[in-house]
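See structure below.
The values are calculated or read from the model by the stated rules, or taken from the named source; none is laboratory data. As the structure is a prediction and not an experimental result, all values here were calculated from the model. Glycine gets a Cβ as well: all are built from the backbone with ideal geometry, and neighbour counts include every protein chain shown.
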Amino acid sequence: MTNSAEKNKIHWQAVRQAAQFISPYRLQVLYSLIALLFTAAVMLSLGQGIRLLIDQGFATQSKELLGQYVTIFLLLVVALATGTFTRYYWVTWLGERVIADIRSAVFNHLIYLHPGFFEANRSLEIQSRLTADLTLLQTVIGSSVSFALRNLIMMVGGIVWLFLTNVKLASLVVVCVPLVVVPILIYGKRVRQLSRQSQDKIAVVGAYVGEILGQIKTVQAYNHQLIDQQRFQAQVEEAFEVAKKRTQQRAFLITLVITLVMSAIGLMLWVGGIDVIEGQISSGELAAFVFYSIIVGSAVASISEVIGELQRAAGAAERTLELLQTANLIQSPDNPLPLPQVLGNISIEQLSFAYSSRPEVLAIDQLTLTIKAGETLALVGPSGAGKSTLFDLLLRFFDVQFGSIKLEGIDIRQLNLFDLRRCFAFVSQNPALFFGTIKDNLRYGRPDATDEEIQNAAQAAYAHHFITQLPQGYDTHLGDAGLGLSGGQKQRLAIARALLTDAPILLLDEATSALDAQSEYWVQQALQQLMRNRTTLIIAHRLATVQSADRIAVMNHGHLEALGTHSELLQSSPLYAQLAMLQLQSN
């Protein structure tokens, strides 16, 4: 299959998939089509109204007949206005409803996709697909398609009335139709390709803006504004160049169509005018014929323009619906095993794993480790040792390639994902807080928690005092990512959230490394509450944290290099002794 054929296949797959979202609203589509046909019929009837008005009203010099035909004409106008209102309402409703469904479907699919997908795809570009691309698609579904169908009906109906009015003149108009359709077919393909490129460039621009504004403090701290201005300008210019090419193609297409259509109407007026002079047709017939000719010409010209919009929408649909076609690599098994009571026993056997972006490098290499229920195990080692990767594998953000991880004796790949992840509470070095109130953030892992339970968790995490000092207390709104709170306050909120979740296994990833001494003290107090009666895995560098652990696992390049207590490892592990010495020197 050629590359062009593959692109066409993808294009039509996107169109068919978009059409599936319309199918549940067949009744609304029917309403729209009835209103569309009604308005087209009324519009075409106006031509006959004009003929009667001229031949029976003006030509007869009868005021009575003139009044009757003007009344008929006005009634047709009222009917046209009523039908247009109905058509506009249902078509617009349909566009808004379908796009809302597509947005929900894409988001619902994305939120379950494996995290590896988001490492390979920029989240801000995905956001652009859900906003800018779907806005364009909404305009097409809610307007352009209706407009195109209306003009198609008007064109066909107009041609029929042209032949009913005058066969000779109608033949002149019909000869010009292929001259208009051919350039539409030729340039439509070019417009579609350029539209897809244009949407891609715009998405890149949007992603760059989001990235820079999201890191604005870093940008300004390094005086990087001028470089970012230049880079952004270059991306904007690239998007503009593609848009310019697309606009040139569409403009040429529209100009060509209008020229051909109006030339045909001019030729028809000349031939028709001679027939009126020679008495072969009446003035009313010629006026009606001109009316239908203009309708047909305008319809063809409009269709050619709408096709450009449809091509752009097809490109947008492809980009957005590609997300729906992305396979989720991490899913629950078809027949998951029931999870027994989870005490926190974890068994890691001959575990090996490499990221898909660098398959030749093992992030974890033949790791075997057993963690007992209620035990606190610290993971130490240099950067790149595989500590954070192990957390990702425990939560099954990625699947192991060799070996296994077992929870209470069951391979985690045989468990329901929701059941598995419900067993873990995760507190990271940079805790994730969301836009909303403090109460909303604490309730994130347990939506049914009562206000009393929330307050108890906050007190246990030593967060209640500072929360009550805020203007609205637990109802205080946080900015993006907890903007406005200190690092220690964010950590204590994350710990309170983990306490409220009440999971049997706790994962702590450098939870105190970025804090000052006072903040670290309070966070350590909160962590002691959180770790009580839980199996805890800690990624840590600070000796205070490491020394309190039951055991310490020393990792290096994905290997388990040593395992024991602090005092044992100082004697048996040169790497651990070196890490401890560096820690003491840095203090």
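Observations on the model:
- So residue 234, is it surrounded by fewer than 17 Cβ atoms within 10 Å (Cβ to Cβ), under 28 Å from the mean Cα position of the chain (by Cα) and in a helix (DSSP H, G or I): yes
- Among residues of the stretch 442-472, those that are in a loop (DSSP other than H, G, I, E, B) and on the phi < 0 side of the Ramachandran plot, counted: 13
- Tabulated pairs, the stretch 514-536, first closer than 13 Å to residue 490 by Cβ, second in a loop (DSSP other than H, G, I, E, B) and modelled with pLDDT of 75 or more, C-beta under 7 angstrom, 6+ apart or interchain: 514/429; 519/486; 522/462; 526/461; 526/462
- Hey, residue 243 part of a helix (DSSP H, G or I) and modelled with pLDDT under 70 or not: no
- Pairing each residue of the stretch 347-372 that is surrounded by 14 or more Cβ atoms within 10 Å (Cβ to Cβ) with any residue that is of a type in the set (Asp, Glu) and part of a strand (DSSP E or B), provided the two are 6+ apart or on different chains, yields C-beta distances under 6 Å for 352/365.
- Counted as qualifying within the stretch 321-427 are the strands (runs of 3 or more DSSP E) with 1 or more residues that are within 24 Å of residue 547 (Cα to Cα) and more than 35 Å from the chain's Cα centre (by Cα), namely 346-353, 364-371, 376-380.
- In the condition set (1) within 26 Å of residue 528 (Cβ to Cβ); (2) surrounded by 14 or more Cβ atoms within 10 Å (Cβ to Cβ), residue 393 is compliant with all but (1).
- Subset of the stretch 407-465 that is at pLDDT 85 or above and of a type in the set (Val, Ile, Thr) - its residue that is surrounded by the most Cβ atoms within 10 Å (Cβ to Cβ): 438
- Residue 135 being part of a helix (DSSP H, G or I), more than 30 Å from residue 355 (Cβ to Cβ), among the hydroxyl-bearing types (Ser, Thr, Tyr) and in contact with a Gly (Cβ under 8 Å, 6 or more places away or on another chain): no
- Residue in the stretch 475-484 that is crowded, with 17+ Cβ neighbours inside 10 Å and assigned to a strand (DSSP E or B) present: yes
A quick yes/no check of all residues on (1) in contact with a Leu (Cβ under 6 Å, 6 or more places away or on another chain); (2) among the hydrophobic types (A, V, I, L, M, F, W, C):
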{"position": "88", "(1), (2)": "no, no"}
{"position": "93", "(1), (2)": "no, yes"}
{"position": "106", "(1), (2)": "yes, yes"}
{"position": "126", "(1), (2)": "no, yes"}
{"position": "133", "(1), (2)": "no, no"}
{"position": "145", "(1), (2)": "no, yes"}
{"position": "150", "(1), (2)": "yes, no"}
{"position": "153", "(1), (2)": "no, yes"}
{"position": "156", "(1), (2)": "no, yes"}
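- Out of 296, 271, sole residue that is farther than 23 Å from residue 139 by Cβ, part of a helix (DSSP H, G or I) and at pLDDT 75 or above: 296
- Of all residues in the stretch 458-475, those that are over 20 Å from residue 501 (Cα atoms) have Cβ atoms under 9 Å from Cβ atoms of residues that are of a type in the set (A, V, I, L, M, F, W, C) and assigned to a loop (DSSP other than H, G, I, E, B), 6 or more apart or on another chain, in 466/485.
- Residue selection: residue 79 fails the criterion of being in the same structural domain as residue 319 (by TED's automatic domain parsing), modelled with pLDDT under 80 and assigned to a helix (DSSP H, G or I).
- Members of the stretch 22-44 that are modelled with pLDDT under 85 and either out of contact with any Lys or Arg (no Cβ under 7 Å at 6 or more places or on another chain) or not in a helix (DSSP H, G or I) (or both): 22, 23, 41, 42, 43, 44
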